[in-house]
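Peer 1: Sharing a structure here in structure tokens format.
The values are calculated or read from the model by the stated rules, or taken from the named source; none is laboratory data. Being a predicted model, the structure only gives us computed values, none of them experimental. So basically every Cβ, Gly included, is an ideal-geometry build from the backbone, and we count neighbours across all protein chains shown. What goes into the accessible areas is simple: the full protein's heavy atoms, side chains included, and nothing from ligands, DNA or RNA. Shrake-Rupley method; radii C 1.70, N 1.55, O 1.52, S 1.80 Å.
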Amino acid sequence: MTTHEYDVAVVGAGTAGCYTAATVADAGYDVAVVDRKSEAEAGHIACGDALKGADAFPEAIPKSRLEPAFTNTGVDHGRFEIPQEDTVLEIPVPGELAVIDRWEYGRCIIDGAGDAGADFHYGVVVQDVLQADDGTVTGITGKRNGDVHEFQADVVVDAAGALSILQDKADLSGATFDTNVSYSQFCSAYREIVEVPEPVEWDDALVFKPTERAAGYLWYFPRTSTEINAGLGFQMNEEPMQLVDDLKRDLRHRPEFEGAEVRDKLGAALPTRRPYDSATAPGFVAVGDAAGHVNPTTGGGIAGAAYAGKYAGEQAIEAIEAGDVSEDALWAYNERVMDHYGARYAALDVYNVLSTAVDVDDLMGLLAALPGEKLAEALYGGSAQFGLRLKLVTALKSFGYWSNIWNFYKTKQQADRLLDHYEDYPSSPDALADWQARRDDIMEDVYAVTGADPKY
Ligand SMILES: Cc1cc2nc3c(=O)[nH]c(=O)nc-3n(C[C@H](O)[C@H](O)[C@H](O)COP(=O)(O)OP(=O)(O)OC[C@H]3O[C@@H](n4cnc5c(N)ncnc54)[C@H](O)[C@@H]3O)c2cc1C
């Protein structure tokens, strides 16, 4: 067995792990990033390749380091194809948007964290979590080619992505760490990188289309005008879809894909749920997908993962400097996540809950009737306000969907209540249980209004 000692051990060389490591290393602390992939494969991660908000990414890895991976910065809107209504909605996407080469981006962030001073350990599959008698996490163990590697650290950061094994292995029952996590709160997604013979006309748009059944969507994101990231996903509380075949079928019906060649295929799970109520335990912090830091309506998780990495890194440093890695000492990390995007994502999750309870055709009809810019606000902001004139226009256009609109309106009221409640996120772990009880009361109302089965 080989033993390694670090201030911080990070599991996962994805976005959350690299930003954590860069933050910690920048401050002069020793940090290891452990990933199961080989050095050559690291950074090759299933993704739609749409990167939103890159203009405001944390500085631990400067934006200039990422830019070589930005293959299309001319994208400025979403194109929602609604075949049921024979409609295409063009919706502006607020903020800076790029389509990227995800593997190249993966190498850029690894290089960025490496330059900051992080040590990378590739090919190590982490299999267990070390804990002291009082439950404090003190390290991890993994295997590389049959050899056991132990990483001892003051703080372990779980950046191992969706359904992380660390959370199965660690006993976190003595902490507030959120263990109310199940497969049904995740989405199963798959994507292909497809080369088309002629440039597509929509190389300035992210194209979305609902899947024929189940709460899911297909996407076509142009990395360049001839290299398209084509994929789809469905919520795992639904009957499983045949992702590869369903994608193939849709591609066959699109003339621009005639003669196209598939260059790469990957699939994975991603959380489409509210962020973990608490992602801290003594000596332990979860970041990115491992803590549900994804916009549950769009599936976008890169920006949340980068910021979670920054906040976790900074909190780990503060705790180590104070000589106290207890849950109290790490708690401010949860507050920063909730304050930045966690509350918003929790409110957006309410619309996800609604989508599982309404008919896809009805929902699409309703979407087609709503003004695009308001939809954009709702998708990214967690809430939208309608002016009176717009309300009237919408009401006329959406005649036939009025009961759905009423339903949607009542759901929005619950989402707004939830957003308000998250603004009171507690400032210490002791107050979490009370806060959760009041939040769960609001969720009961969400289920009652939407008619959906409880998600949590
Ligand atoms: C198909 C698909 C499409 C998506 N499209 C988009 C999109 O267009 N835009 C967007 O913003 N987000 C998108 N997302 C979500 C986004 O990819 C994730 O939110 C983001 O990658 C999360 O980063 P992360 O660092 O938390 O985890 P990951 O990027 O998943 O990184 C986890 C790392 O941990 C390593 N690891 C896991 N288990 C172990 C172990 N036991 N031992 C050692 N290492 C381990 C993995 O090898 C991996 O390198 C998509 C997700 C999927 C699945």
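Peer 1: Would you please give the residues with an amide H less than 5 Å from that of Val148, counting only those at least 5 places away or on a separate chain, with H modeled from the backbone geometry?
Peer 2: Long-range HN contacts for Val148: Thr2.
Peer 1: For helix 388-397, what angle does its Cα long axis make with the longest principal axis of the chain, in degrees from 0 to 90 and rounded to 10?
Peer 2: The helix 388-397 is inclined about 60 degrees to the chain.
Peer 1: As an exercise, take the mean of 1/r over every pair of distinct alpha carbons in the chain, invert it, and state the Kirkwood radius in angstroms.
Peer 2: Hydrodynamic radius (Kirkwood, Cα pairs) of the chain is 22.6 Å.
Peer 1: Could you list the residues of segment 219-233 with an amide nitrogen less than 20 Å from a label point located 7 Å from the Cα of Arg263 in the Cα-to-C-beta direction?
Peer 2: Label zone hits: 219-232.
Peer 1: Ordered by residue, what ³J(HN,Hα) values in Hz, to whole numbers, does segment 62-78 give under the Karplus form 6.51 cos²θ - 1.76 cosθ + 1.60, where θ = phi - 60° and Gly and Pro are x?
Peer 2: x, 4, 4, 6, 7, 4, x, 8, 7, 8, 9, 9, x, 8, 9, 8, x
Peer 1: Per residue, how many Å² of accessible area does segment 243-339 show with a 1.4 Å probe?
Peer 2: 36 Å²
Peer 1: Measure off, as a whole percent, the carbon and sulfur share of the 1.4 Å-probe accessible area of the chain, all protein chains present.
Peer 2: 47 percent
Peer 1: Here's something else I'd like to know. Return the whole-Å distance between the Cα centroid of segment 236-289 and the Cα centroid of segment 84-107.
Peer 2: After rounding, the separation between the Cα centres reads 15 Å.
Peer 1: Which order do Ser173, Ser164 take by accessible area at a 1.4 Å probe, largest first?
Peer 2: Descending order: Ser173, Ser164.
Peer 1: A further question follows. Give me the net charge for the shell around Tyr456: Cβ to Cβ below 9 angstrom, other residues only, Lys and Arg +1, Asp and Glu -1.
Peer 2: Around Tyr456, the charge tally is +2.
Peer 1: Give, as a single signed number, the net charge of other residues whose beta carbon lies under 10 Å from the beta carbon of Gly174, with Lys and Arg counted +1 and Asp and Glu -1.
Peer 2: Cβ neighbours under 10 Å give a net charge of -3.
Peer 1: Structure shown: which of Lys169/Lys310; Lys37/Lys248; Lys63/Lys412 lie over 30 Å apart, alpha-carbon to alpha-carbon?
Peer 2: As for pairs spanning more than 30 Å Cα to Cα, those are Lys63/Lys412.
Peer 1: Only Cα pairs under 8 Å and at least 6 apart count here; give the relative contact order of the chain as a rounded whole percent.
Peer 2: Dividing the mean separation by the residue count of the chain yields 18 percent.
Peer 1: So how exposed is Leu266, as accessible area in Å² (1.4 Å probe, rounded to 10)?
Peer 2: Counting only protein heavy atoms, Leu266 exposes about 40 Å² to solvent.
Peer 1: Nearest 10 degrees, 0 to 90: what angle lies between the long axis of helix 302-322 and the longest principal axis of the chain (Cα atoms)?
Peer 2: 30 degrees
Peer 1: Assuming R0 = 51 Å, what is the FRET efficiency of Glu85 and Asn145, from their Cβ-Cβ distance, to the nearest 0.05?
Peer 2: 0.40
Peer 1: If you don't mind, another one. How do the peptides 438-451, 228-241 rank, highest first, by the average count of neighbouring beta carbon atoms within 10 Å per residue?
Peer 2: Packing proxy ranking, top to bottom: 228-241, 438-451.
Peer 1: Rounded to the nearest 10 degrees, what's the angle between the helix 372-381 long axis and the longest principal axis of the chain, both from Cα atoms, 0 to 90?
Peer 2: The helix 372-381 is inclined about 20 degrees to the chain.
Peer 1: Which distance in Å, rounded to a whole number, links the C-alpha centroids of segment 109-159 and segment 21-44?
Peer 2: Computed from Cα coordinates, the inter-centre distance equals 10 Å.
Peer 1: Check each of the GluC sites (Glu not before Pro) in segment 157-209 and keep only those in coil by DSSP with at most 13 other C-beta atoms within 10 angstrom; list them in order.
Peer 2: Glu201
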